[in-house]
Structure formats: structure tokens, C-alpha cells
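All remarks here apply to the structure that follows.
Derivation of every value follows stated rules applied to the coordinates shown; laboratory data play no part. What you see is a predicted model, and the numbers here were worked out from it, not measured in a lab. Ideal geometry is used to build each Cβ from the backbone, glycine not excepted, and the neighbour counts take in all protein chains shown.
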Amino acid sequence: MIFNFFRTAWRNILKHKTYALINFIGLTCGLTLSLLIFTYTREEMRYDTFHEKLDRMYRIKYTAPNDLLLASSPPPIAPRMKEFFPEVEETARVYGRNISISLPKGNDVIDSFEERNVFFADSSITDIWSLDFIAGDAERALKEPFTVILTDESAKKYFGDSNALGETLIFSGDKLFKVSGVVKKFPTSSHIQFNMLVPYDNMFDLESPEASQRLRNNLDVNFIISHSYTYVLLKEGTDSKTVDARFDDFLKKYALPQLQRGQVFELFPVADIHLQSDMLAEPGTVNSYTTLYIFGGVGLLTLLIACINYINLATAQSFARMKEIGIRKILGSARSQLIVQFLLESFLFCLVAFALSLGGLYSTLPLLNQLTGSELTFAGVLDVQTIVMAISLLLVITVLAGGYPSLFATRFDSVNSLKGGSGLSLGSGNFLRKGLVVFQLIITSALISGSLMILKQLNYLQNRPLGFNKENVLVVQLQSQNLNSIFSGTEGNFVERLESYRKEIGAQSFIKSTALTTSTIGSGIVFRGVVPDGYTQDDNMFVASLGADYDFFDTYNVELLAGRIFSEEVGSDPLEGFVVNEAAVKEYNWGTPEEALGRTINLEGKVGKVIGVVRDFNFAALTTSISALVIDMRVRYGLLSIKMLNENTQDNISVLKSKWNELFPEKTFEFFFLDDQLNNQYQNYQNFGTIITYFTFVAVLISCLGVYGLILFVVQRKVKEIGVRKVLGSTVQGILKLIFMEFTWLILIAFIIAVPFSYYLISQWFENFVYHTSVDVFTYLMSLGIVLTIVGFTIFYNAHKAASANPVNSLRSE
């Protein structure tokens, strides 16, 4: 019996190939999208789960005195927590920076790199993180000074396939570090990525002796400055709230002279960092449950409209099978048997679509990896959890998509079915079918308008005036050189060579100017402790801090409002000159820019006066507002900005690289274009927009199929009506207008419902940005026009054939 049902179901699929193809496309797209979203969502929720002690792992969340929420915290916290809290099993500080690293070869240095994600860490980090050692002893790896743990990728980068254990690397030009361990690189589903781990105390050894001692003394006792990530491992059975409740007592014991209003420390679960962190200075990218909810909702709704397609098409097709149903009833088939028959057909459709969706998943996983930075494989995705989810989804869709058509078709009266009628009222199920199409169009309209707004916002981010000139600026990484170290002989004649390089390239016709900075303008900045004029040491606050040389303001075209910029003619500028922005003048209540001149600033021990005020510019990403900024001159610069007068042609780059190699043969010419760097900081949002655009395309495709199905149903029901109208003199255009109006009302109803729904979601997404575009009427009118055009073509294609048909054929049975 069951075999006969399957055979009949398969015959019906082959008999109605057009319906079958449409259903397969819709269900396959919906299932593929659902599997992709399930895969992505599960991967996002698995962040950091590779740590064996994840349930006991925390990181300090620091609320600074000026209410900044920071992922980093003061260094003295970690060692003192073990003394004070019996609930704490282990603590570790982790501090990351870029380091110039090279390979020794005899008396020569070869293959110099600017190594990113080098983290200085307490040796106890090996007891907190789950490090998978390939070589070396985990117990001793970081306990000896001047040692380094490499990831397997870093080991291969520097030493190829040879054993890296015991080999030597040169840090910052003259410090030798011995490889004490090699570990597997953390998976991409980690909130932090490192290439090297170095003992925490060796961080001070990379500075000059004077700077090293000053930095060590400051970091050992300063409970204000945010510097390192502090990881905490609690003992088993400990509630983190117990520790949080005693932090005030902890601070009173160890940091009473430095306690500030609003200064709060609390434990933040490592498991929640990726999806729930709202802190600045995160070491990696973060996501949010909101994004996952949006993706999950879009996936579910897309699958629903695919099911709606099947319902509409199966219902329309049931009228063509009225005689078959009537004959089966007369020959003794019970209604339950007919329902089983239709459900088996639905199952067969879903089963084939599911098989096709696995192929779709396999082919689209590389795109998902590219957009999300994941490293998912098809074999890794198809685990037991995925298979159980897929089977459950298959059964649910079978019942959901096949349930209503089976109940609808088996209600046909046997006698009327054999005469070509259904025995049902003309309006039977019509409201439900139109309601389902309206639902489809609501989702489609919302996705189209949402996609247009996302694209508009991304375009706004890329083109909004930032207050400085980012065009044609090439930034060279100086590999963290200490420009003052020439006096201690540790860097040879680096400073002299750098000045020679600037002079030589400055003589090129395509170069306007060059400037030295400590941070990349427009994408990130360092916050430092500051005591502005009018405040006391007890009011210790944080301020955005930028190191820049004499040529910075001209190179970046930053507008001066009052006073002057740094000048080589004023010898005191490097030691005590400060330039601030408008936001600093307002925040510190200094009155007008002119009145701010001469005000004193204490920037972590460097005391000087304000010599100039510049107009506010976006020194950080557009997701944050412009805050107070202090610019001063430094002895250490990490970046050389080169302003070109024309396009960044390959010939220009070749000249810059050639000059660099002449003066710095031991150092790699590493550079990036500023405008590319600024655009890349919104890559997550761009990927989000791309994914939503793909979802929208799939939803529009499926919705068109749904409209196609309803048109078929309407045309089949109106064949005789159309024939009568043509006999009575109606034109093809008149009949098309009649059908168009019926669907135009559905589109307008869907659009009216979709607008507030879309507006709410876009408004929520805009909250990620301090600066965003406006939600305008034109965008929604454009989305309405797109929906009307797409649906209009679909209606015209199907309705025109029916309106042009010979009325004699449709009225023959009458």
C-alpha cells in the first residue's frame, strides 16, 4: 500500500513537471538558507567552547571613572585578587601589541616582520586557557624570561617545516627570545587570537632602561589606567556574584587613594564575550544576539514563504486532479487514504529538496566562510546535531506544506469532481490563499526596504566627511621602532635613515607631505589618564590620546580654530606642547577655543600647556561619538603617513618601496591605504549587508514563485469567467487590468504592513552607529516600485496567456 502511494506520488510529480520544478526551487532555496543560518548561528554560539574550563573562566569588566566600559583593566588587579579572594583559583594578565621580529643568521638579520597579535602574558595563562601544545612543556613554557610560545602557523612562517623548539627570534631589533613551545592556533571561534605568547614581565625589557622602570613602577600600582586583559579562573562551585559583591572591599584595601566615582570592577564570563560584550578595546570582533535573531528570523520567514508557495501551488494543482480524486473516492478510497497520498507527495518533494539543499549547503559554505571569517567544512557541519535538526525540519515542513492541500483536495464532492467541478463554494479557501501571499509580500517588501537602507548606511559611512583628508594617503608601518633608542645605540641609525627616507620621497613630484603618528587616524585611538586644567589628581580621567609630529596637521588637512600647531621653531613643543579638539574644550568647561589656549594638561606625568585647538574630526570609527582628544609629540611613532598628490598608482608604490629597501634592507616595506583601512573597519556591517542582500534575493525569488502559483490558481478558477467576458466584448487589456487590480491591492496591503515592521528593525540596527543616514520616504517608495515591477511581470506573463486564449475552448463544456 505504502509503496503504491509512493509510486503514484512520483508519477504525479513527473506528470506536472512545471509545478514540481517550482516547488523544488522554492523548497530547496528555503532549506539551504535555513541550514546555512543554523550553521552560522551555531558556530557563533560555540565561541570559546574549546576551553575545558570555560564555565569557570572570566575576564574583568572595567567601568572607568568617566563611565567608559573597557575590556582591559589595571594590571595590579590580577596578582592581588589571588591574595584577597579565596574563591579565585588563578589569575593572568594579557597585553597585546605589534612587535618588530626578525630571524638571526650569524651576524646578520634576515626576514624582518611586523608581527601582529603578540601577547605578553603571565605564566598562569597556561592554567586558564586550553593551549594545545605540539612541542614544549606547558608547565615551564612561560616561566623562564625571554622565551616565546609560537602558534603552529607562526612556527611555520619563521622556521618552515623544521623544529622551532629552541630556536631564537629577535624582538625590537636587539632582544633575543628562545622558542619554548609551539601550540595549535586557536580556532576562529575564539574571542582572542594570538600569534605569539611572551612572559608578561618581558614587556618592560623592550623599552629603554629609563622608560622601562617608569612604566613598571606605574603599572604595578596604578588602579586607574586600563592596560591589560585580566583573566580569572574561579574554583569549582563558586558563584561569580560572590566575588563581585566583595570588589568594593578589595578596592578599599588595595586602591583606596585612587578610588574614583563610577569606578567598577566585575567578572564577565568568557563564554559571553563574543555575543554580549559592550566593552571598548575588545581584542577581536564581537557579534550580538540581535544579529543572530535577525538572521534566524529571516531564515525562518524565508522557509515559511517557501512552504506557502507549496501550499498555493498544491491547492491550485488539486483542481486539475479533481477527476482523479473523484474516481479514487468512487473506487473506495477513504478520505484518510487520500490525505496520506497527498502527505506522501509532500514528503517526497521535501526529501528531494532536502537532498538538493545539502548540495546547496556544500557549494555556499565557502561564501559563508568568506563573509564571516569562519573555517567551516561540510564534513564538520554534518554532525549528529545537524542531521537531527534536518530530519525534524523535513518532517515539520512535510506536515506544514502538505497538510492544508491534502485537507482541501479531499473535500471535493465525488460526483461534481467527475463533471469538472469541485462541489466547493467559489470563495472556499480564497481568503487564506490571498492572506498567505500577502504574508509573503510583507516579508519581501520589508527585506527589500531593509536592504536598501543598509546599503545606504554603508555608503554613508564610506562617504561621510570625517574632518580630515583620507584620500591618497599611504601609511607605512615602522615596526614599532623607538625613535629615541638611537641615543642608547639599540637601533643603529634608524632615526637618521628615517629622516633621509622622508626627504628623498618628499622630493618626488607625486608626494605632498609626510607625517609620523602613533595610531591610524579614523579607526582607533589610545585612551590615557589625564588631569586637565580645573581638575585635580583625584579627578583622574581618561582622554583619547594621539602622538603626532610637526607635519601631521598639514598632511591630514586638520583645521586649526585657535592658537597654533607644533612648530620646529619652538623647542619646547615636543616636551610640553598640547593640541586639543573642540570636544575637549567643551568637556573640560574651558569656554571658547581662544580661552582654552594656555590651559595646563597632565597626560600621565607629561605636563604642558594647550598651544592650539583644532576642529573636531572623527579620529575613531563612526560607531563612536567624537570625544575629547589630546595631541602631543612623542619619541615613539609606529606609522608614517605619506600624502600623495595623485592616484595611488603602482608606479608610485614601486618608487616608495625602492627607496625604502635602499635605506632599510633589513626591514619589510609594509603599508596600507588609509581609505581602505577605514572602510575595512566596517567589514562586519558590510558582510551583514551582503548576507541580508542575498537573503532578500532568495526571498524575492520564492515570493515570485508564490505569486506565480496564485496566478495559476486564479486563472484556472476564472477560465470560464474570462471566456464569457471576451465573448461579451472585453479586451485583453481589460482582463489584464482586472487581474492586476486584484493583486495590486494585495501588494499595497502588504506594503502598508511592512513599512512599520521594516522601520523598527532598521532603527534598531542604526543604534549601532552614532552617525547614520536618515530613514526616508524615497527608499520605501523605491522598494514598493521594485515589488510592483517584479510581481507585475510575473502576473503579466501568466495572465496574458489566459486573456489571449480562445474563449471557445474555455466555454466548450458549457
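Here are a few things to note about the model shown:
- Amide H within-cut-off set for residue 227, under 5 Å, with H built and near neighbours excluded: 73
- Partner aspartates and glutamates for residue 512 [C-alpha distance under 13 Å; skip if fewer than 8 residues away on the same chain]: 471, 504, 551, 554, 647
- Calculated diffusion of the range 65-262, Stokes-Einstein form, Kirkwood radius summed over Cα pairs, 25 °C and 0.890 mPa s, µm²/s: 134
- Cα-based helix-to-principal-axis angle, 384-409 vs the chain, degrees rounded to 10: 30
- Karplus-derived 3J(HN,Hα) values for the range 609-617, using 6.51 cos²θ - 1.76 cosθ + 1.60 with θ = phi - 60°, are 10, 6, 9, x, 10, 10, 5, 4, 9 Hz; glycine and proline are entered as x.
- FRET efficiency, residue 499 to residue 143 (Cβ-Cβ, R0 41 Å, nearest 0.05): 0.45
- Near residue 147, the amide H atoms lying under 5 Å from its own belong to 178; only residues 5 or more places off or on other chains count, and H is placed 1.01 Å from N.
- Taking Cβ atoms as reference points and 13 Å as the exclusive limit, the residues near residue 55 contribute a net charge of -3, counting Lys and Arg as +1 and Asp and Glu as -1.
- Acute angle (nearest 10 degrees) that the helix 777-804 long axis makes with the longest principal axis of the chain, alpha-carbon atoms: 30
- Residue-by-residue Karplus 3J(HN,Hα) for the range 685-698, coefficients 6.51, -1.76, 1.60, Hz, glycine and proline x: 5, 5, 5, 4, x, 5, 5, 4, 5, 4, 4, 4, 4, 5
- The range 129-156 residues near the modelled residue 184 label - backbone nitrogen below 11 Å, point 7 Å along Cα→Cβ: 131-134
- For a label point 7 Å along the Cα-to-beta-carbon line of residue 80, residues of the range 267-284 with backbone N under 11 Å: none
- Computed E for residue 797/residue 7 - FRET, C-beta separation, R0 51 angstrom, nearest 0.05: 0.90
- Relative to the current alpha-carbon distance between residue 377 and residue 602, full extension at 0.36 nm per residue lengthens the span by 75.7 nm.
- The C-alpha atoms of the chain define a longest principal axis, and helix 17-45 lies at about 30 degrees to it.
- Distance violations [Cα-Cα > 29 Å] among 606/657; 156/235; 456/586; 470/659; 185/643; 470/503: 606/657; 156/235; 456/586; 185/643
- Given their separation in residues at 0.36 nm each and the Cα-Cα distance between them, residue 635 and residue 615 gain 4.7 nm when the chain is fully extended.
- Relative pair counts by distance (%), Cα atoms of the chain, 20 Å bins: 13, 36, 28, 16, 6, 0
- Loop sites in the range 639-681: GluC sites (Glu not before Pro), DSSP, at most 12 other Cβ within 10 Å: 647
- According to the calculation over all Cα-Cα pairs in the range 484-607, the P(r) per 5 Å bin from zero is 2, 9, 15, 19, 21, 15, 9, 7, 3, 1, 0 %.
- Scattering profile of the range 8-150 at q = 0.12, 0.22 Å⁻¹ [log10 I(q)/I(0), Debye over alpha-carbon scatterers]: -0.76, -1.40
- Cα centroid separation, the range 165-213 to the range 704-743 (Å): 74
- Look at 128, 739 and count the other Cβ atoms within 10 Å of each Cβ; fewest to most, that gives 739, 128.
- Neighbour cut-off at most 14 other Cβ (10 Å), DSSP loop, trypsin sites (Lys or Arg not before Pro), the range 25-75: 46
- Distance between the 7 Å Cα→Cβ label points at residue 174 and residue 337: 9.6 nm.
- Cα centroid separation - the range 580-596 against the range 278-301, whole Å: 38
- Sorting the segments 507-513, 700-706 by their mean number of nearby beta carbons within 10 angstrom, highest to lowest, gives 700-706, 507-513.
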